[in-house]
Every structure is written in C-alpha cells, then in structure tokens.
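Peer 1: One structure, pasted below without further comment.
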Amino acid sequence: MSVPHPPQPAKLVIGLFLACKDLFPALAAELEAAFGRVDLVSAWMPFDYTTYYAKEMGSGLSRRVLAFRPLIAQKRLPEIKSATNAIERAYAVDGRRQANIDPGYLLLERFVLATGKNYSHRIYLGQGIYADLTLIYRRGTFDALPWTYPDYAEPPLRRFLLSVRGKYALDLKAAVPGGNYGGVFCDD
C-alpha cells in the first residue's frame, strides 16, 4: 500500500519570449512583485523553432528564463499561470501579446510547464490549466520527451535548468535543518 506524503515544494521557473528585449526589465519586475525575488536568470536564447507566434508577436523572438528564490507549493501552478496570463494581457498592444510568459516548476526529478491546452500527456490541474511533463532528470541530465517543446529540448536551456536544479537542491537543504524536508514551507 502506498502511504500519501505531502509533496515537496518546487522551484518556480518562468520562461518568457518576446520580440522587444527592452520589455524584459519591466516584465521581470512584475514577476518579482508577484512571485518573489529572482535568483537565477538565463542568457538570451533565440526562439526560432516555430512561426506559430509570428502573426501576433512578430519575428526575431528571444527567450529568457527566470528561476525564483521562494519555493512554491506545486498545487499553485494554475494560480500562477492565471497571474502570468494577466501580465501578458496587461502588456498587450491592440490585443496582440508583446510577451509570452510560461510558468512551470522544477523538482529534482522533473520539470513541468503549465498550459491552457489539453493533450494526451497533459494532466488537468484545475482552473483550465494542465501540467505538461516537459523534461525528466536521469543519469545526471534533463532528458527530453517525445512531446517536449523544441527549445526546452536544446542543450542551452537544459544546461540552465541543471543549474537551477543545483540551486533547488541547496534550497531544499536549507528549508529544514539537516536537509530533511518535512513538508513545511512558506506558502503551503
């Protein structure tokens, strides 16, 4: 028989892609105001894997990923996705998004993104939001899955998430003396 245990807190990770990099400081400030201090920021990466967003956002899109210092309850992912959707709408011009903001969370064993789109491998969380298992950690690296978005499958983004994983492991150790997570953290 399996015995239920409280889930570990997760490391909040939010990816953004946008055509105008000048919007990044304002968006990062909005995200910090909503979710707490950022402790890791990726380099800029080209987002040229699809033309799906070109009509709305233009071409020459760039991605940057933020990891946040406060650990979150995994069950907060739908609430966080709703908040990032609101930020996207606030920055829209003439109904066209200027930024795409993708929240997710990282655990030692996996990386999960939030989405409003259902698909066979996505699990419904509530509030119209699904969990997309994007990467799994095996043998010292994050492995892509058949459905992983192409940019998340690329080495630069996976290397960044490995550094986030290292920081997250330290965060877990600091959460409870001795590094033994006991199910208690700030926003459960």
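The values are calculated or read from the model by the stated rules, or taken from the named source; none is laboratory data. Since the structure is predicted, the reported quantities are computational estimates derived from the model, not experimental observations. Cβ sites come from the backbone with ideal geometry, for glycine too, and all protein chains shown count toward neighbours.
Peer 1: I'm trying to understand the selection: among the residues of region 1-25, which are surrounded by fewer than 16 Cβ atoms within 10 Å (Cβ to Cβ) and either closer than 23 Å to Leu133 by Cβ or touching a residue at least 60 places away in the same chain (Cβ under 8 Å) (or both)?
Peer 2: Ser2, Pro4, His5, Pro6, Pro7, Cys20, Leu23
Peer 1: In region 24-60, which residues are assigned to a loop (DSSP other than H, G, I, E, B) and modelled with pLDDT of 95 or more?
Peer 2: The answer is Gly36, Arg37, Ser42, Ala43, Trp44.
Peer 1: Sticking with this structure for a sec: Could you list, ordered by first residue, the pairs with Cβ atoms under 6 Å in which the first is in region 83-96 and of a type in the set (Lys, Arg) and the second is surrounded by 10 or more Cβ atoms within 10 Å (Cβ to Cβ) and part of a helix (DSSP H, G or I), at least 6 apart or interchain?
Peer 2: Arg96/Glu56
Peer 1: Among what's in region 95-114 and is of a type in the set (D, E, K, R) and touching a helix residue (DSSP H, G or I) at 6+ places or on another chain (Cβ under 9 Å), pick the residue that is surrounded by the fewest Cβ atoms within 10 Å (Cβ to Cβ).
Peer 2: The selected residue is Arg96.
Peer 1: Report yes if some residue within region 125-139 is exposed (fewer than 14 other Cβ atoms within 10 Å of the Cβ) and assigned to a strand (DSSP E or B); otherwise report no.
Peer 2: Within region 125-139, one or more residues are exposed (fewer than 14 other Cβ atoms within 10 Å of the Cβ) and assigned to a strand (DSSP E or B).
Peer 1: Would you mind stating whether Ala169 is in contact (Cβ under 8 Å) with a residue 60 or more places away in the chain, over 20 Å from Phe24 (Cα atoms) and aliphatic (A, V, I, L, M)?
Peer 2: So Ala169 fits the description; yes.
Peer 1: Being modelled with pLDDT of 95 or more and closer than 22 Å to Asp39 by Cα, is that true of even one residue in region 92-99?
Peer 2: Within region 92-99 (the criterion being modelled with pLDDT of 95 or more and closer than 22 Å to Asp39 by Cα), the answer is yes, since at least one residue qualifies.
Peer 1: To continue, here is another question. Listed residues Tyr53, Tyr49; which is closer than 14 Å to Gln98 by Cβ and touching a Phe, Trp or Tyr at 6+ places or on another chain (Cβ under 8 Å)?
Peer 2: Answer to the check: Tyr53.
Peer 1: Could you pull out the residue among Phe160, Phe111 that is assigned to a strand (DSSP E or B), out of contact with any Pro (no Cβ under 7 Å at 6 or more places or on another chain) and touching a residue at least 40 places away in the same chain (Cβ under 8 Å)?
Peer 2: Phe111
Peer 1: Do we have any residue at all in region 62-76 that's in contact (Cβ under 8 Å) with a residue 12 or more places away in the chain and over 24 Å from Phe142 (Cβ atoms)?
Peer 2: No, that holds for no residue.
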